[in-house]
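Engineer: I'd like to ask some things about the structure below.
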Amino acid sequence: MSGLTGADRRTIDQAREIAEVSITDLPAYTGETDLSTAIFVAFARAQWELNELVAIIGRLADGDAA
């Protein structure tokens, strides 16, 4: 994983974390008591993390390590 910054590694860790949360654990993960709201919040977080991952990939593909 050369070329990754500390921030990149944290982003990857956060993306892995949300990807591993089961639907039954979403309320605890998001802090929302309503499952529908917890799903919405988790989905929004996952979208954010995916956008961040795409930015990392794009930057690395362009050869800009930092």
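Engineer: Relative to the longest principal axis of the chain, what angle (0 to 90°, nearest 10) does the C-alpha long axis of helix 6-19 take?
Structural biologist: 30 degrees
Engineer: Quick one: helix 35-61 against the long Cα principal axis of the chain, what's the angle to the nearest 10°, folded into 0 to 90?
Structural biologist: That works out to roughly 0 degrees.
Engineer: What does the helix-only formula give at 222 nm for the chain: each DSSP H stretch with n ≥ 4 adding -39500 (n - 2.57), the total divided by the residues, and the result rounded to the nearest 500 deg cm²/dmol?
Structural biologist: Working: 3 runs with 46 residues, N = 66.
Only helices count here, giving -23000 deg cm²/dmol.
Engineer: What full-extension length gain, to one decimal in nm, is calculated for ARG10 and ASP25 as 0.36 nm per residue of separation minus the Cα-Cα distance?
Structural biologist: Details: separation 15, 0.36 × 15 = 5.40 nm, distance 2.15 nm.
Gain on extension, ARG10 to ASP25, equals 3.3 nm.
Each reported figure results from applying straightforward, stated rules to the coordinates on display, with no laboratory input. Here the structure is a predicted model, which means the values were calculated and not measured.
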